[in-house]
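See below for the structure under consideration.
The values are calculated or read from the model by the stated rules, or taken from the named source; none is laboratory data. Remember, it's a predicted structure, so these values are computed and weren't measured experimentally. Quick reminder, even Gly has a Cβ in these numbers, built from the backbone with ideal geometry, and neighbours come from all protein chains shown.
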Amino acid sequence: MNKKVTQVSNEKNAMSTLDTALWFFLVFFLAFAFYFNYTSSQYSLPIRMLAWFIVIAASIAVASLTQKGKDFYEFAQLAYVELIKVVWPSREEVMKMALMVAVMVAAASTLLWLIDTGFLWIMRQI
């Protein structure tokens with residue numbers, strides 16, 4: 001039993017070492033991309049934008065190889081499943097709620113304007 005725990009612990013340490021190496025690679029890769037973008041103003045903007053799309057895609061690919069990347073992917077999948085379960089309001093309900101909010105904002109604004117005007121009138125009388 002103890003041997004198996006040690007083996008799992010060693011595998012976890014090996015994974016964390018690989019993850020650390022991948023994250024360091026990713027940081028240096030992005031730092032180099034920023035430096036290259038800063039120093040390569042002689043290239044046209046569309047070419048630099050294409051290079052950034054490639055850099056972002058490569059960064060996502062490298063990040064997805066790490067444990068945090070896999071955890072994030074699993075989280076995104078679960079969030080999508082929950083998003084499908086949401087019962088969204090109909091257009092009519094949204095319009096009613098928007099109208100109610102607009103009416104309440106107008107009423108609160110009018111009330112605050114009246115209070116402000118009353119205080120202004122009182123201050124002028126003093």
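Those residues that are over 28 Å from Lys68 (Cβ atoms) and either touching a Pro at 6+ places or on another chain (Cβ under 6 Å) or surrounded by 10 or more Cβ atoms within 10 Å (Cβ to Cβ) (or both), I need them from the stretch 17-46; list them, please.
Ser40, Tyr43 - these are the residues of the stretch 17-46 that are over 28 Å from Lys68 (Cβ atoms) and either touching a Pro at 6+ places or on another chain (Cβ under 6 Å) or surrounded by 10 or more Cβ atoms within 10 Å (Cβ to Cβ) (or both).
So, Phe28, is that one in a helix (DSSP H, G or I) and modelled with pLDDT of 90 or more or not?
yes
So which residues in the stretch 81-112 are in a helix (DSSP H, G or I) and exposed (fewer than 10 other Cβ atoms within 10 Å of the Cβ)?
Once the filter is applied, which keeps residues that are in a helix (DSSP H, G or I) and exposed (fewer than 10 other Cβ atoms within 10 Å of the Cβ), the stretch 81-112 yields Val81, Glu82, Leu83, Ile84, Lys85, Arg91, Glu92.
Going by the structure shown, is Val62 part of a helix (DSSP H, G or I), assigned by TED's automatic domain parsing to the domain that holds Ala33, closer than 30 Å to Thr17 by Cβ and not polar (S, T, N, Q)?
For Val62, the condition - part of a helix (DSSP H, G or I), assigned by TED's automatic domain parsing to the domain that holds Ala33, closer than 30 Å to Thr17 by Cβ and not polar (S, T, N, Q) - is met.
Somewhere in the stretch 41-52, is a residue without any contact (Cβ under 8 Å) to a residue 24 or more places away in the chain, assigned to a helix (DSSP H, G or I) and in contact with a Lys or Arg (Cβ under 9 Å, 6 or more places away or on another chain)?
no
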